[in-house]
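First up is the structure itself, then whatever we jot down about it.
The values are calculated or read from the model by the stated rules, or taken from the named source; none is laboratory data. Please read all numbers here as calculations on a predicted model, not as lab measurements. Heads up, the Cβs are rebuilt from the backbone with ideal geometry, glycines too, and the neighbour counts pull from every protein chain shown. Heavy atoms of the whole protein, side chains included, go into the accessibility calculation; ligands, DNA and RNA do not. Shrake-Rupley method; radii C 1.70, N 1.55, O 1.52, S 1.80 Å.
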Amino acid sequence: MSAVEELITDVLAGRHGTPPRHLVATSVFWAHHGTRLAGGDTTYLNQYLLVRVGDSFGACAFEAGEVDPAVCRAASGASIDTLLREGPHALRIAALDACLAAAAPHRETAGAEAVTLPTGTPEHRAAARDAAVADLLETTTGLTVGLIGVVNPLVAAIRERGGEPLLCDLNLRTTRWGDPVTDDMNIVLDTADAVVATGMTLGNGSFDTVLGRCRERGVPLVVYAQTGSAVARAFLGAGVTALCAEPFPFSQFSADATTVYRYRAVA
């Protein structure tokens with residue numbers, strides 16, 4: 001059984017707060033947006049399923065066509081237990097995320113460092129966000145840093161700190177500077193001195209591979225998560241070295257100051 005499936009089993013058994021049979025998905029909704037940052041030639045297209053439980057949200061990004069928005073009608077008002085057992089993969093991850101976030105909201109969790117992203121343009125806010133992610137690496141000077149899920153500001157942030165990015169993404173082939181991007185994460189995972197992965201690895205099912213390979217090689221794994229921010233938190237100290245968690249509503253949906261939460265595993 002995969003690490004994520006083991007976590008779902010534990011949640012269903014009530015080992016992480018309120019048993020999910022007692023929790024209701026107040027609302028399930030779908031968001032689709034595109035972003036092109038100034039000076040870039042890449043339009044990022046993102047689809048999310050989002051689940052609300054009480055005062056917390058869970059999220060999971062998914063690939064185009066993977067989930068029909070009609071799932072929102074059927075899932076809204078359902079128990080979290082039902083969604084975890086019967087939903088499509090993206091809905092299960094969003095429901096798991098909501099359940100864990102309801103049990104321990106990031107804003108109330110000991111050890112979470114709140115970092116304010118400043119009011120400003122998308123470019124300004126993205127640069128601040130990705131600096132917060134890159135700074136979770138203890139050092140990048142002279143290191144090769146595998147980036148699983150490529151966004152240009154994060155590539156720049158790693159370079160500014162002396163690291164050499166090794167890039168993997170299922171949808172991009174080059175960065176705005178012409179750096180090659182592979183779609184084979186094993187090339188990156190087998191050679192990088194440290195790895196930064198996005199929460200999208202939870203959405204596409206590759207998180208267990210990333211987690212397992214970093215454990216085997218003993219290399220740091222930093223996760224930046226909009227998808228599954230509370231799910232990734234469950235693996236701190238068990239393969240995940242550090243986490244930058246960004247619960248919904250995400251920074252790209254606002255020009256005002258918003259908050260991300262940074263965690264570091266206790267040695």
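Kindly indicate the residue of region 250-267 that is in contact with a helix residue (DSSP H, G or I) (Cβ under 7 Å, 6 or more places away or on another chain) and assigned to a helix (DSSP H, G or I) and also least open to solvent (accessible area, probe 1.4 Å) among those meeting that condition. Please lay out each step first, then the result.
To start, the set of residues in region 250-267 that are in contact with a helix residue (DSSP H, G or I) (Cβ under 7 Å, 6 or more places away or on another chain) comprises 251-252, 258, 260-263.
Adding the requirement that they be assigned to a helix (DSSP H, G or I) leaves 251-252.
Working: Ser251: 8, Gln252: 66 Å².
Across region 250-267, the extreme among qualifying residues is Ser251.
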Can you work out which of the residues in region 10-21 that are touching a residue at least 24 places away in the same chain (Cβ under 8 Å) and either in a helix (DSSP H, G or I) or of a type in the set (D, E, K, R) (or both) is nearest to Gly54 (Cα to Cα)? Pro20
Just one of the numbered conditions (1) farther than 20 Å from Arg36 by Cα; (2) at pLDDT 95 or above; (3) in contact with a strand residue (DSSP E or B) (Cβ under 8 Å, 6 or more places away or on another chain) is not true of Thr198; which one? (1)
Log entry, pairs with first residue in region 134-154 being without any contact (Cβ under 8 Å) to a residue 60 or more places away in the chain and over 24 Å from Asp184 (Cβ atoms), second being open to solvent by 20 Å² or more (accessible area, probe 1.4 Å) and part of a strand (DSSP E or B), beta carbons closer than 7 Å, six or more apart or on different chains, reads none
If I go through region 81-100 residue by residue, how many of them are open to solvent by less than 40 Å² (accessible area, probe 1.4 Å) and outside any helix (DSSP H, G or I)? 1
Please count how many residues of region 40-80 are open to solvent by less than 50 Å² (accessible area, probe 1.4 Å), part of a loop (DSSP other than H, G, I, E, B) and in contact with a His (Cβ under 9 Å, 6 or more places away or on another chain). 1
Does Val133 satisfy the condition of being open to solvent by less than 10 Å² (accessible area, probe 1.4 Å), at pLDDT 95 or above and outside any helix (DSSP H, G or I)? no
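Just to check your reading of the model, which residue among Ala78, Ala64 is among the hydrophobic types (A, V, I, L, M, F, W, C) and under 27 Å from Arg173 (Cβ atoms)?
Values: Ala78 fails: under 27 Å from Arg173 (Cβ atoms).
Residue meeting the stated conditions: Ala64.
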Selection count where residues are of a type outside the set (Val, Ile, Thr), without any contact (Cβ under 8 Å) to a residue 40 or more places away in the chain and open to solvent by less than 10 Å² (accessible area, probe 1.4 Å), scope region 219-249: 3
